[in-house]
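Below: one structure, written as structure tokens.
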Amino acid sequence: MRFAISCFGQRTRAALAAMIFAEPDFLLLDEPTASLDPGAKHEVEAMIGQFIEQGVTLVMSSHNLGQVKRLAGRVLYLEG
């Protein structure tokens with residue numbers, strides 16, 4: 001069975017959902033909520049929170065400092 005997901009937000013949520021079942025030890029996310037509407041951002045942040053609660057090490061890039069404050073335990077700020 002093949003299927004296609006046309007919306008970027010749906011693809012992001014589908015990819016994160018698939019990772020939940022893979023039970024990763026480490027995730028690297030590059031702007032996981034970029035270009036998403038507020039509702040989709042909330043859903044993706046909730047999924048990321050599930051990984052954090054499961055003890056998954058998460059490295060994430062973001063320009064959204066509010067999001068960083070909500071999700072991060074430690075922050076590395078790069079300037080330049």
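Couple of notes before you dig in:
- The range 63-80, residues that are over 10 Å from the mean Cα position of the chain (by Cα) and within 15 Å of Leu16 (Cβ to Cβ): Gln67
- Applying the set (1) hydrophobic (A, V, I, L, M, F, W, C); (2) over 13 Å from Arg13 (Cα atoms); (3) out of contact with any Phe, Trp or Tyr (no Cβ under 8 Å at 6 or more places or on another chain) to Leu58 leaves exactly one unmet item: (3).
- The listed residue being surrounded by 13 or more Cβ atoms within 10 Å (Cβ to Cβ) and under 18 Å from Arg11 (Cβ atoms), out of Ala34, Ala72: Ala34
- With respect to the stated conditions, Glu53 fails to be closer than 19 Å to Ala72 by Cβ, surrounded by 12 or more Cβ atoms within 10 Å (Cβ to Cβ) and either at pLDDT 85 or above or in contact with a Ser or Thr (Cβ under 6 Å, 6 or more places away or on another chain) (or both).
The values are calculated or read from the model by the stated rules, or taken from the named source; none is laboratory data. The shown structure was predicted, so the numbers you read here are calculated from the model rather than taken from an experiment. Every residue, glycine as well, gets a Cβ built from its backbone with ideal geometry; the counts of neighbours run over all protein chains shown.
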